[in-house]
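Below: one structure, written as structure tokens.
The values are calculated or read from the model by the stated rules, or taken from the named source; none is laboratory data. Here the structure is a predicted model, which is why all the values come from computation and not from measurement. Here the Cβ positions follow ideal geometry from the backbone for every residue, glycine too, while neighbour counts run over all protein chains shown.
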Ligand SMILES: NC(=O)c1ccc[n+]([C@@H]2O[C@H](COP(=O)([O-])OP(=O)(O)OC[C@H]3O[C@@H](n4cnc5c(N)ncnc54)[C@H](OP(=O)(O)O)[C@@H]3O)[C@@H](O)[C@H]2O)c1
């Protein structure tokens with residue numbers, strides 16, 4: 001999933017003032033660009049406090065963008081998402097009542113009062129950005145716009161789950177501590193690729209924290225999905241293929257049960273890398289797997305997720321989430337929570353289904 005954080009602040013970093021009315025920080029030119037940015041996303045997320053204070057509808061106003069979504073078989077408005085611990089959400093909020101959109105409320109616990117108005121997804125424990133991203137991605141969301149407020153912006157940024165940050169600053173607006181509400185100060189990291197522009201007086205910084213690696217990823221992931229067809233189908237396993245790509249360009253492939261009836265594809269590729277003396281070079285490497293790496297094993301001492309973490313892989317790329325057929329896999333979530341860059345390309349999932357057609361019978 002590509003994740004963009006977008007927000008507007010005063011010159012002193014405030015997202016809002018302390019009054020009850022909504023403070024308009026953006027100029028019309030900037031706001032028009034924000035709406036264009038929204039139109040390119042699958043989903044939009046704001047924190048529960050923003051819903052309570054501003055009651056935003058979070059709609060797509062552009063008729064062309066709405067039509068495009070409908071032509072793609074989607075509902076016309078962006079999927080709306082919020083997060084809450086308290087569950088203090090009023091079903092009369094525009095989040096629930098306006099627009100034709102799917103709605104997800106992420107919460108640490110069940111929220112029966114909200115269930116008639118939105119899909120409630122409970123983490124049954126601390127709610128992390130990794131959990132939100134993984135669960136949205138499982139439901140087909142490929143791009144997410146996080147529009148604030150400060151707490152949710154921090155939640156995604158601190159978890160390393162922001163690919164692009166768009167910060168629009170109105171230099172003419174100063175609030176000071178007495179008047180300022182939620183504050184969010186963003187300093188792009190040195191390695192970010194930054195551009196600036198002026199939109200009707202707003203100073204807009206776009207910082208790319210993680211470049212889009214789709215093109216290269218699809219090449220290696222296609223190779224991984226092809227490896228899966230070398231596996232002999234059996235009733236108790238998925239046929240999976242994997243490719244490890246080291247930073248120096250060396251690659252190692254593997255497929256399920258290639259050398260042992262208990263080995264997964266990732267283990268087979270890993271064993272080849274270790275046999276070639278590349279153990280130390282696995283740190284920072286990428287592993288491409290046709291399916292989400294497993295998070296639980298009974299026939300091996302470590303899951304593939306544990307192995308990936310132990311050897312210090314920086315990136316994990318796969319095409320299909322593991323279905324809840326044998327176990328409930330939490331590989332992607334656990335990897336993201338450990339800071340690994342996880343990318344999923346469902347456009348290659350068809351090949352994964354084909355390699356595993358024996359399990360659908
Ligand atoms: N200028 C802009 O671009 C912009 C954009 C958006 C918002 N804003 C402003 O930002 C202000 C709100 O910012 P804020 O930082 O106070 O609040 P916020 O980020 O909008 O929402 C915070 C709330 O989200 C929930 N939450 C956050 N992290 C969570 C987690 N890990 N697990 C579960 N729930 C979690 C909690 O809801 P519960 O309290 O329900 O538990 C928390 O109180 C408003 O004044 C709004 O106007 C400005």
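Just a few scattered comments:
- Residue that is surrounded by fewer than 22 Cβ atoms within 10 Å (Cβ to Cβ) and either over 19 Å from residue 213 (Cβ atoms) or out of contact with any strand residue (DSSP E or B) (no Cβ under 6 Å at 6 or more places or on another chain) (or both), where the choices are 328, 333: 328
- Check on residue 186, surrounded by 16 or more Cβ atoms within 10 Å (Cβ to Cβ), in the same structural domain as residue 161 (by TED's automatic domain parsing) and outside any helix (DSSP H, G or I): yes
- Under the condition of being within 12 Å of the ligand (Cβ to nearest atom), surrounded by 19 or more Cβ atoms within 10 Å (Cβ to Cβ) and not in a loop (DSSP other than H, G, I, E, B), the residues counted in the range 1-33 number 9.
- Number of residues in the range 45-73 that are more than 7 Å from the ligand (Cβ to nearest atom), within 23 Å of the chain's Cα centre (by Cα), touching a residue at least 12 places away in the same chain (Cβ under 8 Å) and not in a helix (DSSP H, G or I): the value is 6.
- Helices (runs of 4 or more DSSP H) fully within the range 249-361 counting 2 or more residues that are closer than 18 Å to residue 218 by Cβ and at pLDDT 95 or above: 349-355
- Candidate set: the range 119-141, residues that are more than 13 Å from the ligand (Cβ to nearest atom) and not in a helix (DSSP H, G or I); chosen: the one farthest from residue 292 (Cα to Cα): 119
- Residue pairs meeting the criteria (Cβ under 7 Å; at least 6 apart or on separate chains; first farther than 14 Å from residue 10 by Cβ, in the range 21-39; second at pLDDT 95 or above and part of a loop (DSSP other than H, G, I, E, B)): 28/200; 29/200; 34/26; 38/78
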